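Okay, structure first, notes after.
The values are calculated or read from the model by the stated rules, or taken from the named source; none is laboratory data. Values in this document were obtained by computation on a predicted structure and should not be read as measured data. Methodologically, a virtual Cβ is constructed for each residue, glycine included, from the backbone with ideal geometry; neighbour enumeration extends over all protein chains shown.
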Amino acid sequence: MCRLYLSKGSVNLSKALKFAARYDPYAPSEKKQHGDGWGFVAATRLSFMYYKSAAPAWEDPTPVPMWEAVLAHARAASIGEPLGAEHAHPYAVHLPNGGMIFVAHNGSVDKYSLAAEVGIDPNRHTDSYVLALYLARHWDDLEKALDNVANLYMKTALNVVILEYPSLRSFAYSRYKGNRNYYALYILKAKDYTAVVSSTLLRYLDVEGEELAQGELLTF
């Protein structure tokens, strides 16, 4: 389970992410933290900075740059899933058209069935990485691919945020079976920014959010 955000424009959500990772009263497990690593990508159309760490987000002083688009994620690993900086989100995957996507995921999916679809060993990778590969292979119809995963392979939730590079097109999608207080994603909009955040971040932000409808693919 994880906390995340994807933003475009003049807004800094990194402090709220670190607070939410350190204490999350909505977390479904007894451990109310997301301390199994974190990462971010900050991008402009000319460059991107990509960082991943095995350290808990709140213990890492590395700043998240205030660039045109930012995707950041703090991880609480599911039992039995690989650990380490290499398994922190977001995942960077190349597209058939030569571009890239950065993918972060909250929830769990059936990685064994998805791994059979993409042809990799599921034991060496997280379910979220396998999901990222699957989405990249079906990038020509992303909404259909997400709906297929939600209907066939979702276990707890399919909360996904994606940053496409170099276009900086941003996507968010939410489907879940569990506690709405924990799993719901929220859209933040102002004159100078748009963002999608995990529910817990709202506890540390002085803004109102609009809940992202389940099954809706938001593009911004």
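Considering only segment 142-167, state which residues are more than 20 Å from residue 116 (Cβ to Cβ) and outside any strand (DSSP E or B).
142, 143, 156, 166, 167
Give segment 54-71 a look and list any residue that's in contact with a Ser or Thr (Cβ under 6 Å, 6 or more places away or on another chain) and either over 13 Å from residue 15 (Cα atoms) or touching a residue at least 60 places away in the same chain (Cβ under 8 Å) (or both), or say none.
The first filter runs over segment 54-71 and keeps only residues in contact with a Ser or Thr (Cβ under 6 Å, 6 or more places away or on another chain), leaving 60, 64, 67-68, 70.
67, 68, 70 - these are the residues of segment 54-71 that are in contact with a Ser or Thr (Cβ under 6 Å, 6 or more places away or on another chain) and either over 13 Å from residue 15 (Cα atoms) or touching a residue at least 60 places away in the same chain (Cβ under 8 Å) (or both).
So residue 84 fits all but one of (1) over 26 Å from residue 140 (Cβ atoms); (2) crowded, with 16+ Cβ neighbours inside 10 Å; what number is the exception?
All conditions are met except number (2).
Check whether at least one residue in segment 127-134 is of a type in the set (A, V, I, L, M), touching an Asp or Glu at 6+ places or on another chain (Cβ under 8 Å), surrounded by fewer than 23 Cβ atoms within 10 Å (Cβ to Cβ) and in a helix (DSSP H, G or I), and report yes or no. Break it down into steps so the answer makes sense when it comes.
Step one: list which residues in segment 127-134 are of a type in the set (A, V, I, L, M), which gives 130-133.
Now narrow it down to the ones that are touching an Asp or Glu at 6+ places or on another chain (Cβ under 8 Å): none.
Within segment 127-134, not a single residue is of a type in the set (A, V, I, L, M), touching an Asp or Glu at 6+ places or on another chain (Cβ under 8 Å), surrounded by fewer than 23 Cβ atoms within 10 Å (Cβ to Cβ) and in a helix (DSSP H, G or I).
List, please: which pairs have Cβ atoms under 6 Å, are six or more places apart or on different chains, and start with a residue in segment 25-49 that is buried (at least 18 other Cβ atoms within 10 Å of the Cβ) and end with one that is assigned to a strand (DSSP E or B) and of a type in the set (Val, Ile, Thr)?
From segment 25-49, the pairs are 42/70; 48/41.
Could you please find all residues in segment 93-112 being more than 16 Å from the chain's Cα centre (by Cα), closer than 16 Å to residue 169 by Cα and either touching a residue at least 12 places away in the same chain (Cβ under 8 Å) or buried (at least 21 other Cβ atoms within 10 Å of the Cβ) (or both)?
Answer for segment 93-112, where residues must be more than 16 Å from the chain's Cα centre (by Cα), closer than 16 Å to residue 169 by Cα and either touching a residue at least 12 places away in the same chain (Cβ under 8 Å) or buried (at least 21 other Cβ atoms within 10 Å of the Cβ) (or both): 94, 95, 97, 99.
Looking at residue 63, is it at pLDDT 95 or above, within 25 Å of residue 34 (Cα to Cα) and surrounded by fewer than 15 Cβ atoms within 10 Å (Cβ to Cβ)?
yes
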